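Below: one structure, written as structure tokens.
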Amino acid sequence: MRIYGDFLRFSAASHVLPNAASAPSGAISVETVEQMPLFSPEERFETHRIIVPVLDAPVEVRHTRNGVDTVLTLEKGDFIAIPAGTRTAFRWSRAVAAVRIEIGADTLRDFAASALGIVAEPGAMSRCFKIRDPELVALALRMGDAADDDDVGASILFESFSKAFLVTLVRTYADRRATGVDAREGLTAEQFRKILDYGRRNLSKRITTECLSKAAGMSVSAFTRALKFTHKQTPQQFLMALRLERAEELLADPRMPLGKIAFECGFSDQAHFTRSFRKMRGMTPSAWRRRRTAGSGAKQ
């Protein structure tokens with residue numbers, strides 16, 4: 001499974017978490033499942049979940065959704081939609097492969113606000129379990145193929161399919177309205193100072209877009225639009241910049257282990273830190289530290 005922390009720049013923040021159970025609230029994950037569990041007990045999903053079965057013949061699925069039992073027949077071109085906050089259990093009549101997509105609640109809202117300029121809620125996905133949409137299913141299957149692809153350009157393909165998938169999902173199924181934010185307003189200097197202060201004080205913790213918007217005294221959608229207008233950044237890009245800024249400060253101390261720096265800066269692990277740093281700075285943290293140390297020595 002691949003998990004991406006920045007929905008507008010998937011390849012920049014991608015990292016593999018083979019044992020992860022779900023996506024963080026500000027991320028999107030895609031996993032190709034060779035065989036779905038025949039029975040999944042009732043649980044409450046914290047992320048939006050979309051299951052696209054790979055079918056050569058119809059399959060029956062029995063599901064319990066918020067206490068209501070239903071039996072449906074899925075055919076090629078159908079997918080299952082489970083919005084965040086829903087309690088769901090389901091049982092398949094036979095073994096099926098599937099592409100399972102999890103979208104953090106923050107991710108869907110932020111993408112709709114910053115990329116499309118709207119406020120979007122799950123909409124039709126909250127009212128239907130089975131949805132027929134061959135176009136969206138085809139995009140999901142191509143996302144699954146790209147997520148499993150290690151060949152050159154795979155991350156670019158994944159990014160393209162993922163953006164197309166999210167746009168199609170929002171345009172077709174979301175309940176939407178204008179953000180109500182005047183793009184000419186943006187963030188005030190005081191609001192930006194507040195989110196900078198909040199971000200720097202809490203880097204080692206989990207920071208969501210909601211946390212930042214609350215620090216700025218704005219709604220999530222208004223904050224996302226204002227940050228994009230004023231600083232040309234998504235909330236995820238803003239946080240990544242802060243994490244790397246702090247990482248460079250800590251790398252100046254040659255005695256500080258990279259694992260501890262990764263933790264202090266809010267990366268999931270040292271490998272995630274190394275990939276992100278190399279992507280944004282063009283070299284690994286170790287190489288950056290060696291170059292800085294060599295430069296300091298030359299000056300002395």
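When segment 228-251 is filtered for residues that are modelled with pLDDT under 90 and among the hydrophobic types (A, V, I, L, M, F, W, C), only F229 remains. On the stretch given as segment 254-295, residues that are surrounded by 18 or more Cβ atoms within 10 Å (Cβ to Cβ), among the small types (G, A, S) and either in a helix (DSSP H, G or I) or not assigned by TED's automatic domain parsing to the domain that holds Q237 (or both) total 2.
How many of the residues in segment 18-34 are loosely packed, with under 11 Cβ neighbours inside 10 Å and at pLDDT 85 or above? Of the residues in segment 18-34, 1 are loosely packed, with under 11 Cβ neighbours inside 10 Å and at pLDDT 85 or above.
For segment 75-98, does any single residue satisfy the condition of being among the charged types (D, E, K, R), surrounded by 14 or more Cβ atoms within 10 Å (Cβ to Cβ) and touching a Phe, Trp or Tyr at 6+ places or on another chain (Cβ under 9 Å)? The answer is yes, given that some residue of segment 75-98 is among the charged types (D, E, K, R), surrounded by 14 or more Cβ atoms within 10 Å (Cβ to Cβ) and touching a Phe, Trp or Tyr at 6+ places or on another chain (Cβ under 9 Å). I need the full set of residues from segment 205-227 which are surrounded by fewer than 24 Cβ atoms within 10 Å (Cβ to Cβ), charged (D, E, K, R) and part of a helix (DSSP H, G or I), in order please. Hits for segment 205-227 are E210, K214.
Here the condition is being in the same structural domain as L108 (by TED's automatic domain parsing) and modelled with pLDDT under 90; of V68, V52, it holds for V68 alone. May I ask you to verify whether V152 is among the β-branched types (V, I, T) and under 18 Å from the mean Cα position of the chain (by Cα)? No; evaluated as a whole, the condition is false for this residue.
Where strands (runs of 3 or more DSSP E) fall entirely within segment 95-191, those with at least 1 residues that are modelled with pLDDT under 85 and out of contact with any Pro (no Cβ under 7 Å at 6 or more places or on another chain) are at 118-121, 175-178. Among the residues of segment 148-176, those identified as within 20 Å of A81 (Cα to Cα) and small (G, A, S) are S162, A164, A174.
From the list E46, E42, the lone residue that is assigned to a loop (DSSP other than H, G, I, E, B) and assigned by TED's automatic domain parsing to the domain that holds I131 is E46. The set of residues in segment 47-71 that are farther than 24 Å from L139 by Cβ and of a type in the set (D, E) comprises E60, D69.
Within segment 95-113, the set of residues being more than 14 Å from the chain's Cα centre (by Cα) and closer than 16 Å to F238 by Cβ comprises A113 only.
The values are calculated or read from the model by the stated rules, or taken from the named source; none is laboratory data. Note that this is a predicted model, so its numbers are computed, not measured. Note that each Cβ is placed from the backbone with ideal geometry, even for glycine, and that neighbours are counted across all protein chains shown.
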